[in-house]
Amino acid sequence: MRTAIVLFTRDLRVHDNLALSTAAREAKQIVPLFVFDDGILGSAFARPNRVSFLLDALRDLDASLRSRGARLVLRSGDVVAETLALARGAEEVFVAEDASAYAQRRRRRLEHAFRGDRIALRLTPGVTVAPLLSLETSSGGHYSVFTPFYRAWSRASRRPVEPAPRRLSMPNGVSHASLPALTRLVAGSPSPELPPGGETAARRKLAAWLHSGVAGYGPSRDDLAADAASRLSPYLHFGCISPLEVAHRAEKVAGAAPFVRQLAWRDFFHQLLAARPETAHEDMRPAAASGAATAKRSRRGRTARPAARSSMPACDSSSTRDTCTTAHG
């Protein structure tokens, strides 16, 4: 294969990025592409904190690609149209799999658009520890209860962590663009407490967490005042760090089992989304445990933990606790 496109979506890293490393091995030249997608920037998910974090991540990704002989190609508009325009002349487009309804629609649109130009779309694992829908029940269906899913997840073999490519080659003549200013993409200012985005910050935070924080996660993870969470959620959400690498490294640390179990919870949610995208908009709790009744019981101290917004989007506020991430985008 002479040329391949690597379409970055929310897999903004060079370490353990199968789309990037596979394309680099199989193609003589690659074009790393990110599209500022009108479908996302025009939605409720475009908020100052989220977009500012994204820009940090893209800036860091571009620096990593430049150090390896390539650079990030930026486009704006419809993600399918922009990818197709750049992909003409390429044989394959590599992209990491994703679970959300939007990502599934994007995949189907890409497949349809590429069919006429005989361009292959290659999906690679990356958003979860276990590849999406790789774990099946004995009847061949998907899991809808966490405990049996966790048992299967714990037993499943895992691929090794993929190293970052040492050297990348790009074709000549591909136009680049500078990162836009935040004010061009979204109105408002980010929180002054917003952490820096990007793979470099993510890997630094993971190393510090595994060295001095993860052992205390089990007894303190439900104590909001203890602030004992890893604060890795936004980095996992944007793919600044591989969940598989996090699991591999955490499992080598004493006392990390409760944290690894939370990674399984994250995989479970993504698996539900991949199988049933409408899950993101359903209240799956019993009626008696939802809404005002739960809040009232929580204020009276009659619940096991405080009531919280379980679907709070990552980076929508200054909070970046482990509970503040979603699978949307």
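The values are calculated or read from the model by the stated rules, or taken from the named source; none is laboratory data. Just so we're clear, the structure is a prediction, and the values are computed from it rather than from any experiment. No Cβ is skipped: glycine too gets one built from the backbone with ideal geometry, and neighbour counts run over all protein chains shown. Note: accessible area is taken over every heavy atom of the protein model, side chains too, but ligands, DNA and RNA are not part of it. Shrake-Rupley method; radii C 1.70, N 1.55, O 1.52, S 1.80 Å.
Report whether or not Val95 is β-branched (Val, Ile, Thr), within 30 Å of Ala152 (Cα to Cα) and buried (at least 21 other Cβ atoms within 10 Å of the Cβ). For Val95, the condition - β-branched (Val, Ile, Thr), within 30 Å of Ala152 (Cα to Cα) and buried (at least 21 other Cβ atoms within 10 Å of the Cβ) - is met.
The listed residues are Arg71, Arg50, Arg59, and the only one of them that is open to solvent by 10 Å² or more (accessible area, probe 1.4 Å), farther than 24 Å from Leu194 by Cα, at pLDDT 95 or above and not aliphatic (A, V, I, L, M) turns out to be Arg71.
This table checks each residue for (1) under 19 Å from Phe34 (Cβ atoms); (2) open to solvent by less than 40 Å² (accessible area, probe 1.4 Å).
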position: Gly126; (1), (2): yes, yes
position: Leu135; (1), (2): no, yes
position: Ala156; (1), (2): no, yes
position: Ala164; (1), (2): yes, yes
position: Pro192; (1), (2): no, no
position: Arg203; (1), (2): no, no
position: Ala207; (1), (2): no, no
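Residues in segment 7-44 that are at pLDDT 95 or above, of a type outside the set (Gly, Ala, Ser) and part of a helix (DSSP H, G or I) were compared, and the one that is most open to solvent (accessible area, probe 1.4 Å) is Arg25.
Give me a count of the residues in segment 237-280 that are over 16 Å from the mean Cα position of the chain (by Cα), among the aliphatic types (A, V, I, L, M) and not in a helix (DSSP H, G or I). Of the residues in segment 237-280, 3 are over 16 Å from the mean Cα position of the chain (by Cα), among the aliphatic types (A, V, I, L, M) and not in a helix (DSSP H, G or I).
Pairs meeting the criteria (first residue in segment 83-111 and farther than 26 Å from Leu236 by Cβ, second residue open to solvent by less than 30 Å² (accessible area, probe 1.4 Å) and assigned to a helix (DSSP H, G or I), beta carbons under 6 Å, at least 6 apart or on different chains) are Leu84/Ala113.
Just one of the listed residues (Arg107, Arg122) is in contact with a strand residue (DSSP E or B) (Cβ under 8 Å, 6 or more places away or on another chain), closer than 23 Å to Leu272 by Cα and either among the acidic types (Asp, Glu) or not in a strand (DSSP E or B) (or both), namely Arg107. Number of residues in segment 46-85 that are of a type outside the set (Ser, Thr, Tyr) and outside any helix (DSSP H, G or I) equals 12.
If only residues of segment 110-119 that are of a type outside the set (Phe, Trp, Tyr) and outside any loop (DSSP other than H, G, I, E, B) are counted, the one that is surrounded by the most Cβ atoms within 10 Å (Cβ to Cβ) is Leu110. The residues of segment 142-178 that are under 22 Å from Leu58 (Cβ atoms), among the hydrophobic types (A, V, I, L, M, F, W, C) and out of contact with any Gly (no Cβ under 8 Å at 6 or more places or on another chain), listed by number, are Ala164, Val174, Ala177.
In segment 212-236, the qualifying residues are those that are among the hydrophobic types (A, V, I, L, M, F, W, C) and outside any helix (DSSP H, G or I), and the one that is modelled with the highest pLDDT is Leu232. Whenever a residue of segment 140-154 is closer than 16 Å to His270 by Cβ and touching a residue at least 40 places away in the same chain (Cβ under 8 Å), its partners that are assigned to a helix (DSSP H, G or I) and open to solvent by 30 Å² or more (accessible area, probe 1.4 Å), lying with C-beta atoms within less than 6 angstrom and at least six residues away or across chains, give the pairs His142/Ala275.
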